[in-house]
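The block underneath contains the structure these notes are about, expressed in structure tokens.
Every number here is computed from the coordinates shown, using simple stated rules; none is lab data. Keep in mind it's a predicted model, so treat the numbers as computed, not measured. Ideal geometry is used to build each Cβ from the backbone, glycine not excepted, and the neighbour counts take in all protein chains shown.
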Amino acid sequence: DKPSTRTRVSFSIGIAELGGYPLVIDAQNSQLGRGEPIEDTARVLDRQCAAIIWRTFGQERIEAMASVSRVPVINALTDEFHPCQILADLQTVAERRGALPGLTIAYLGDGANNMAHSYLLGGALAGMHVRVGSPEGYQPDPVILDRAGRVAAGTGGSVVWTSDAVEAADGADVLATDTWVSMGQEDEGGHRATPFAPYAIDATALARAADDAIVLHCLPAHRGKEIAAEVIDGPNSAVWDEAENRLHAQKALLCWLLNS
């Protein structure tokens, strides 16, 4: 249902490398796009496919698909969550820093978007200390923040939201961000720049983090807005490894789901 570069390519290549056949269907060229119930589509696909990978809008849509499907349904992105990206991000951090528990990750930007929510839950599950720094009015969903807090309580991690960008970045092992204007919010772009400007990952923000901090961005990036060119293209950036790891993390996910 949503445009894609990294998601479509990484899943298509990964499935092919595992010996499968990646069939890509979009809303414009399927009956789902003409109003067929999600559940009916799922009941057809699960009789012909080994897994369903869907990039869509509301979380309730993919949950409706999963509720009736007899094969695994993978969330390739919804408005609320982006779990496959977080798998790749955690793999990238582990490659650079080793064990994840105890590391501090600071996400700066739109705290109400799918990446912020996914960092909260994924980082908490990994025993990390997750800080989300965002303006008032753009904080994480309180239900998700509470859920992540309960997860963190069992893993030794922690989660916190703050409107103070300096506090969020201070001493962080990982700095992460995302676009300030997500898909479907294009009409809001003009008035988002001002409140989000203090949360940009630039040389100043990087200097507040740990000396060997890793910088992540799920892409596409807007240089000079949420991230400075000298940061995304600099020595602390792990963005291109992060993008590559979508392929590897998703292959591992498919193997785990289809072989379990």
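Taking the Cα atoms only, what angle lies between the long axis of helix 239-259 and the longest principal axis of the chain, rounded to 10 degrees?
40
Rounding to the nearest 20 debye, state how big the charge dipole of region 6-79 is about its Cα centre with +1 on each Lys and Arg Cβ and -1 on each Asp and Glu Cβ. Mind showing how you got there, number by number?
Values: 8 positive and 9 negative charges, 35 e Å.
Dipole about the Cα centre, nearest 20: 160 debye.
Dipole magnitude of the chain about its Cα centre, charges +1 at Lys/Arg Cβ and -1 at Asp/Glu Cβ only, in debye to the nearest 20?
760
On full extension of the chain, what length is gained from Glu95 through Leu18, given 0.36 nm per residue of separation minus the C-alpha to C-alpha distance? Can you show the working numbers first?
Values: separation 77, 0.36 × 77 = 27.72 nm, distance 2.26 nm.
Gain in length upon complete extension: 25.5 nm.
Assigning unit charges at the beta carbon (Lys, Arg +1; Asp, Glu -1) and nothing else, what dipole magnitude in debye, to the nearest 20, does region 38-97 show about its Cα centre? Numbers along the way, then the final one.
Details: 7 positive and 9 negative charges, 52 e Å.
Approximately 260 debye in magnitude.
What net charge is computed for the residues neighbouring Met128, neighbours being all others with C-beta under 13 Å from the C-beta of Met128, Lys and Arg scored +1, Asp and Glu -1?
Values: positive: Arg97, Arg131; negative: Asp89, Asp173.
In short, 0.
Would region 115-260 count as rounded, prolate or oblate if I go by the C-alpha gyration tensor, calling it rounded below 1.5 in a/c and otherwise prolate when a/b exceeds b/c, oblate otherwise?
Details: a/c = 1.39, a/b = 1.23, b/c = 1.13.
Rounded, since a/c falls under 1.5.
Using only the alpha-carbon atoms, how far is helix 83-97 inclined from the longest principal axis of the chain? Give it as 0 to 90 degrees, nearest 10.
50
Only residues of region 72-96 count here: report those whose backbone N is under 13 Å from the spot 7 Å along Cα→Cβ of Ser30, or say none.
Residues 73-77 qualify, since their backbone N sits under 13 Å from the label point.
What's the extension gain from Glu136 to Ala193 if we count 0.36 nm per residue and subtract their Cα-Cα distance?
On the way: separation 57, 0.36 × 57 = 20.52 nm, distance 1.40 nm.
Taking Glu136 through Ala193 to full extension adds about 19.1 nm, to one decimal.
For a quick protection proxy, order the peptides 204-214, 171-181 by their average other-Cβ count within 10 Å, most packed first. Please report the intermediate quantities before stating the final value.
Numbers: 204-214: 17.7, 171-181: 23.6.
Sorting 204-214, 171-181 by mean packing, highest first, produces 171-181, 204-214.
Does region 68-113 come out rounded, prolate or oblate by the C-alpha gyration tensor, with a ≥ b ≥ c the root eigenvalues, rounded set by a/c under 1.5 and, if not, prolate when a/b is larger than b/c and oblate if not?
Details: a/c = 3.26, a/b = 1.48, b/c = 2.20.
Taking the square roots of the gyration eigenvalues as a ≥ b ≥ c, region 68-113 is oblate.
Specify whether the C-alpha gyration tensor of region 84-184 places it in the rounded, prolate or oblate class, a ≥ b ≥ c being the square roots of the eigenvalues: rounded for a/c under 1.5, otherwise prolate if a/b is larger than b/c and oblate if not. Could you put the intermediate results ahead of the total?
Details: a/c = 1.43, a/b = 1.31, b/c = 1.10.
Rounded, because the longest to shortest axis ratio a/c is under 1.5.
Along the charge dipole of the chain, Cβ charges K/R +1 and D/E -1, which of Thr104, Gln28, Ala172 sits furthest on the positive end?
The one lying farthest along the dipole's positive direction is Gln28.
What do you get for the angle between helix 59-68 and the principal long axis of the chain? Use alpha-carbon atoms, 0 to 90 degrees, nearest ten.
Approximately 40 degrees, to the nearest ten.
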